[in-house]
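Some notes on the structure that comes next.
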Amino acid sequence: MQIIKSKAEMTSFVENQKRENRTIGFVPTMGALHEGHLALVRESIKSNSRTVVSIFVNPTQFNNKEDLRLYPRDEQADFEKLRAEKCDAVFFPTVEEMYPEPDERIFDLGSLATVMEGEFRPGHFSGVVQIVTKLFDTVKPNRAYFGKKDFQQLTIIQHITKQLNYNIDIVPVPTVREKDGLAKSSRNKLLTAEQRKIAPKIFEIMSIAVLEKEKYSVQELKNRVVSKIDAIDGLRTEYFDIVNSQTLMSINSWNEKCEKVGCIAVYCGKVRLIDNILF
């Protein structure tokens, strides 16, 4: 497995592979790798001649500097996990390599980036798209793999890939969960033992809501989910919405003809957890 730190060397690696008619699968990550990430890597290895994983904690997508400072990092453990999966190359650049000067690009993400995460983390998706496009321009993959856990991010990446005419297949991969239902996340490492016990209640309550949807209106069900979560000491809902999976706009009725997804952000102590479920 090659560990590549410069854009020039990464581009050279990819060009050499493509000269041999090899396909490139790409998994962009911020490190602190867990089973969710490794599921993406395995999907890529199954479908491509070569798999590249990037590890880069992108500063422009953090609107909270403390969140950036506390973001878990363990590159040596990450490298070991990727070697065990038979990953071909890791792109591991510095901030200076990816941002030699400030990125002033503005992207047209419309309302996709102003609801839910966009409302509570202003500028977040602009930063996500900045780094993903930089990585796409460097790695030039045939396919790129994103987890469904970050559902809004996935939708925005699909949108910008079409808008900017990238010839890249965006492959969504189902959320990987712990046995108790908690979505795997790098942030789970920040939970105390007590918080770890209550965090699975988020998905449990959403799962019950899916079964109850015939009994309540959309708004009533949303209110029930929030009140049930907020009744648990140590949990505080930031938002819960049930949206059209394509537009990310709130649905008002179960009769609307679209795929419906419930998206949530909950503070478990000071740790912010996001999840989603298909309605």
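The values are calculated or read from the model by the stated rules, or taken from the named source; none is laboratory data. Predicted model only: the values in this text are computed from it and were never measured. Cβ atoms come from the backbone with ideal geometry, glycine included; neighbour counts cover every protein chain shown. Accessible surface areas use protein heavy atoms only, side chains included; no ligands, DNA or RNA. Shrake-Rupley method; radii C 1.70, N 1.55, O 1.52, S 1.80 Å.
Listed by first and then second residue, the pairs with beta-carbon distance under 6 Å, at least 6 apart or on different chains, first residue in segment 261-275 and farther than 24 Å from Asn244 by Cβ, second open to solvent by less than 10 Å² (accessible area, probe 1.4 Å) and not in a strand (DSSP E or B), are Cys268/Ala199. Residues in segment 100-125 that are outside any helix (DSSP H, G or I) and acidic (Asp, Glu) were compared, and the one that is farthest from Phe13 (Cα to Cα) is Asp108.
For residues that are touching a Lys or Arg at 6+ places or on another chain (Cβ under 6 Å) and of a type outside the set (D, E, K, R), scanning just segment 1-30, find the one that is farthest from Pro59 (Cα to Cα). Spell out the reasoning first.
Within segment 1-30, the subset touching a Lys or Arg at 6+ places or on another chain (Cβ under 6 Å) is 1, 14, 17, 22, 24-25.
Checking the rest, the ones that are also of a type outside the set (D, E, K, R) come to 1, 14, 17, 24-25.
Details: Met1: 26, Val14: 25, Gln17: 30, Ile24: 26, Gly25: 24 Å.
Among residues in segment 1-30 that are touching a Lys or Arg at 6+ places or on another chain (Cβ under 6 Å) and of a type outside the set (D, E, K, R), the one farthest from Pro59 (Cα to Cα) is Gln17.
Taken over segment 152-177, the criterion of being over 13 Å from the mean Cα position of the chain (by Cα) and open to solvent by less than 10 Å² (accessible area, probe 1.4 Å) is satisfied by Ile160, Thr161. Working carefully through the options Thr133, Thr60, find the one that is open to solvent by less than 10 Å² (accessible area, probe 1.4 Å) and either in contact with a helix residue (DSSP H, G or I) (Cβ under 7 Å, 6 or more places away or on another chain) or assigned to a helix (DSSP H, G or I) (or both). Being open to solvent by less than 10 Å² (accessible area, probe 1.4 Å) and either in contact with a helix residue (DSSP H, G or I) (Cβ under 7 Å, 6 or more places away or on another chain) or assigned to a helix (DSSP H, G or I) (or both) holds for just one of Thr133, Thr60, which is Thr133. Of note, Phe203 satisfies the criterion of being open to solvent by 10 Å² or more (accessible area, probe 1.4 Å) and part of a helix (DSSP H, G or I). Within segment 230-248, the residues that satisfy the criterion of being in contact with an Asp or Glu (Cβ under 9 Å, 6 or more places away or on another chain), surrounded by fewer than 20 Cβ atoms within 10 Å (Cβ to Cβ) and either in contact (Cβ under 8 Å) with a residue 24 or more places away in the chain or closer than 12 Å to Tyr267 by Cα (or both) are Gly234, Arg236, Thr237, Tyr239, Ser245, Gln246.
Taken together, the criteria exclude Val128 from residues that are among the aliphatic types (A, V, I, L, M), in a loop (DSSP other than H, G, I, E, B) and surrounded by 13 or more Cβ atoms within 10 Å (Cβ to Cβ).
Among the candidates Ala39, Ala8, single out the residue that is within 18 Å of Lys148 (Cα to Cα) and in a helix (DSSP H, G or I). Can you show your working first?
Working: Ala8 fails: within 18 Å of Lys148 (Cα to Cα).
Matching residue, one of Ala39, Ala8: Ala39.
Residue-level check: of (1) in a helix (DSSP H, G or I); (2) open to solvent by 50 Å² or more (accessible area, probe 1.4 Å), Leu82 misses just (2). Could you look through segment 209-229, keep only residues that are surrounded by 13 or more Cβ atoms within 10 Å (Cβ to Cβ) and hydrophobic (A, V, I, L, M, F, W, C), and pick out the one that is farthest from Val271 (Cα to Cα)? That would be Val218. With respect to Val90, determine if the residue is farther than 21 Å from Leu164 by Cβ and either of a type in the set (A, V, I, L, M, F, W, C) or out of contact with any Pro (no Cβ under 6 Å at 6 or more places or on another chain) (or both). So Val90 passes the test.
Every residue in segment 1-28 that is among the β-branched types (Val, Ile, Thr) and open to solvent by less than 10 Å² (accessible area, probe 1.4 Å), please. Spell out the reasoning first.
Just the residues of segment 1-28 that are among the β-branched types (Val, Ile, Thr), to begin with: 3-4, 11, 14, 23-24, 27.
Ile4, Val14, Ile24, Val27, listed by residue number.
Before we move on, is Glu97 open to solvent by 50 Å² or more (accessible area, probe 1.4 Å), in a helix (DSSP H, G or I) and either touching a Phe, Trp or Tyr at 6+ places or on another chain (Cβ under 9 Å) or not basic (Lys, Arg) (or both)? Spelling it out, Glu97 is indeed open to solvent by 50 Å² or more (accessible area, probe 1.4 Å), in a helix (DSSP H, G or I) and either touching a Phe, Trp or Tyr at 6+ places or on another chain (Cβ under 9 Å) or not basic (Lys, Arg) (or both).
How many residues, within segment 164-197, are of a type in the set (Lys, Arg) and in a loop (DSSP other than H, G, I, E, B)?
Within segment 164-197, the subset of a type in the set (Lys, Arg) is 177, 179, 184, 187, 189, 196-197.
After this cut, where a residue has to be in a loop (DSSP other than H, G, I, E, B) as well, the list is 179, 184.
Of the residues in that region, 2 qualify.
Out of all the residues in segment 236-246, is one or more of a type outside the set (Val, Ile, Thr) and in a helix (DSSP H, G or I)?
First, pick out the residues of segment 236-246 that are of a type outside the set (Val, Ile, Thr): 236, 238-241, 244-246.
With the extra rule that they be in a helix (DSSP H, G or I), the set shrinks to none.
No, that holds for no residue.
If the condition is being open to solvent by 10 Å² or more (accessible area, probe 1.4 Å) and in a helix (DSSP H, G or I), then segment 139-151 contributes only Phe151.
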